[in-house]
Amino acid sequence: MSDIALSALISVHNEQAQLADCLERLSFADEIVVVLDKCTDGSQAIAEKFTDQIHHGSWVLEGERRNAAISFCNGRWVFEVDADERVPEELADEIRRTIETTPYDWHEILVDNYVGGRLVRWGWGASFGKAAYPGLFRKGVKVWGSQRVHPSLQWSGKKGPMLKGRLDHYVDRNISDMIKRLDNYSSARARDLRDAGETWGSTANNVRRLFSRFFKCYVLRKGYREGGYGLLIALFAGLYPLLSHLKAKLEDN
């Protein structure tokens, strides 16, 4: 059994603008593992200031990259984080306490999402944002699926209670970034659909999903509490499957 209790894992593609801010919040882990995916900027030089566990690669599928990244970790527990996320001290302390005492194999972590400097807590979900994610797990119990975006997950362990602390996620700088993210997500999903010989159902069904997802995010997940941002989140969540479907059906790449 490894002597390392906790590995903090981050995989990046050209994240020099925000990588240092993320890594400096990970000192509570026993090791920091950085995976550089086709990086051409200064991400490596920044990572070298925080760890010698740096790995290079070039992956087409997000799921394959994340599985490879987990394999590089030496800890009994793995905490996955992205470059646009920050770990407050309270959450770091809770993670350490959890891995020392929990009988479970994985835990979800609550997320506070920011658009620019604005905290937007309500309405996220339906493939356009995350209100929580399964980021803390024993090594070996979590396997990502082979997709480009929002890969599926397979678990072999027992889920524990959600942690109380919240991760800070600087998801978008502004509304233009939200629109670009929707375009990128739907294009990647369309490529996954074409690879599988699918178009994600009929156009009529995806139009229905637009309204059902909008209702889920805006009403059930209380996006209305966020004003215009909640409206945008619900709209983009509804558009995501429809755009992915139309791109898979009408485009070639």
inquiry  = Exactly one condition in (1) more than 18 Å from the chain's Cα centre (by Cα); (2) touching a residue at least 12 places away in the same chain (Cβ under 8 Å) is false for MET178; which is it?
reply    = (1)
ask   = Condition test on GLU85, is it modelled with pLDDT of 95 or more, crowded, with 21+ Cβ neighbours inside 10 Å and among the acidic types (Asp, Glu)?
value = yes
inquiry  = Could you list, ordered by first residue, the pairs with Cβ atoms under 9 Å in which the first is in the stretch 224-253 and more than 15 Å from LEU210 (Cβ to Cβ) and the second is modelled with pLDDT under 95 and among the acidic types (Asp, Glu), at least 6 apart or interchain?
reply    = ALA248/ASP192; ALA248/GLU198
key: Selected residue [under 16 Å from TYR170 (Cα atoms), of a type in the set (Phe, Trp, Tyr), out of contact with any helix residue (DSSP H, G or I) (no Cβ under 8 Å at 6 or more places or on another chain) and modelled with pLDDT of 95 or more] from TYR104, TYR114   = TYR114
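Within the stretch 47-71, count every residue that is assigned to a loop (DSSP other than H, G, I, E, B) and surrounded by 17 or more Cβ atoms within 10 Å (Cβ to Cβ). Don't jump to the end; show me each part of the working.
Our first condition is that a residue be assigned to a loop (DSSP other than H, G, I, E, B); within the stretch 47-71, this holds for 48-52, 58-61.
The next check asks that each one be surrounded by 17 or more Cβ atoms within 10 Å (Cβ to Cβ); those that pass are 50, 59, 61.
Within the stretch 47-71, residues that are assigned to a loop (DSSP other than H, G, I, E, B) and surrounded by 17 or more Cβ atoms within 10 Å (Cβ to Cβ) number 3.
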request  = Could you grab me the full set of residues in the stretch 72-110 that are under 14 Å from PHE137 (Cα atoms) and either in a strand (DSSP E or B) or aromatic (Phe, Trp, Tyr) (or both)?
outcome  = TRP77, VAL78, PHE79, GLU80, TYR104, TRP106, HIS107, GLU108, ILE109
inquiry  = Looking at the stretch 192-203, can you tell me whether even one residue there is in contact (Cβ under 8 Å) with a residue 40 or more places away in the chain, within 30 Å of GLY117 (Cβ to Cβ) and under 21 Å from the mean Cα position of the chain (by Cα)?
reply    = no
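Quick check, is ASP41 in a loop (DSSP other than H, G, I, E, B), of a type in the set (D, E, K, R) and in contact with a strand residue (DSSP E or B) (Cβ under 8 Å, 6 or more places away or on another chain)? Let's see the steps before the verdict.
On the way: in a loop (DSSP other than H, G, I, E, B): yes; of a type in the set (D, E, K, R): yes; in contact with a strand residue (DSSP E or B) (Cβ under 8 Å, 6 or more places away or on another chain): no.
Considered against the rule, which asks whether it is in a loop (DSSP other than H, G, I, E, B), of a type in the set (D, E, K, R) and in contact with a strand residue (DSSP E or B) (Cβ under 8 Å, 6 or more places away or on another chain), ASP41 comes out as no.
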ask   = What number of residues in the stretch 102-120 are hydrophobic (A, V, I, L, M, F, W, C), under 21 Å from ARG213 (Cβ atoms) and under 12 Å from the mean Cα position of the chain (by Cα)?
value = 1
remark   = Restricting attention to the stretch 1-38, the residues that are of a type in the set (A, V, I, L, M, F, W, C), surrounded by fewer than 16 Cβ atoms within 10 Å (Cβ to Cβ) and touching a strand residue (DSSP E or B) at 6+ places or on another chain (Cβ under 7 Å) number exactly 2
remark   = Filtering the stretch 95-111 down to residues that are crowded, with 18+ Cβ neighbours inside 10 Å and either among the charged types (D, E, K, R) or not assigned by TED's automatic domain parsing to the domain that holds GLY123 (or both) yields ASP105, GLU108
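For the stretch 13-36, how many residues meet the condition of being in a strand (DSSP E or B) and within 24 Å of VAL60 (Cβ to Cβ)? Steps first, please.
Here is the first cut: in the stretch 13-36, the residues in a strand (DSSP E or B) are 31-36.
Right, trim to within 24 Å of VAL60 (Cβ to Cβ) and you get 33-36.
Residues meeting the conditions: 4.
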Candidates ILE4, ILE10, filtered to the one that is aliphatic (A, V, I, L, M) and either without any contact (Cβ under 8 Å) to a residue 24 or more places away in the chain or not in a strand (DSSP E or B) (or both) = ILE4
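Limited to the stretch 148-199, what total is found for residues that are closer than 28 Å to LYS249 by Cα, touching a strand residue (DSSP E or B) at 6+ places or on another chain (Cβ under 6 Å) and part of a loop (DSSP other than H, G, I, E, B)?
Summing the residues that are closer than 28 Å to LYS249 by Cα, touching a strand residue (DSSP E or B) at 6+ places or on another chain (Cβ under 6 Å) and part of a loop (DSSP other than H, G, I, E, B) in the stretch 148-199 gives 1.
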query = Picking from GLY157, GLY129, GLY123, which residue would you name as being under 21 Å from PHE215 (Cα atoms) and at pLDDT below 95?
reply = GLY129
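The values are calculated or read from the model by the stated rules, or taken from the named source; none is laboratory data. Please read all numbers here as calculations on a predicted model, not as lab measurements. A quick note on method: Cβ atoms are made from the backbone with ideal geometry, for glycine too, and the neighbour counts reach across all protein chains shown.
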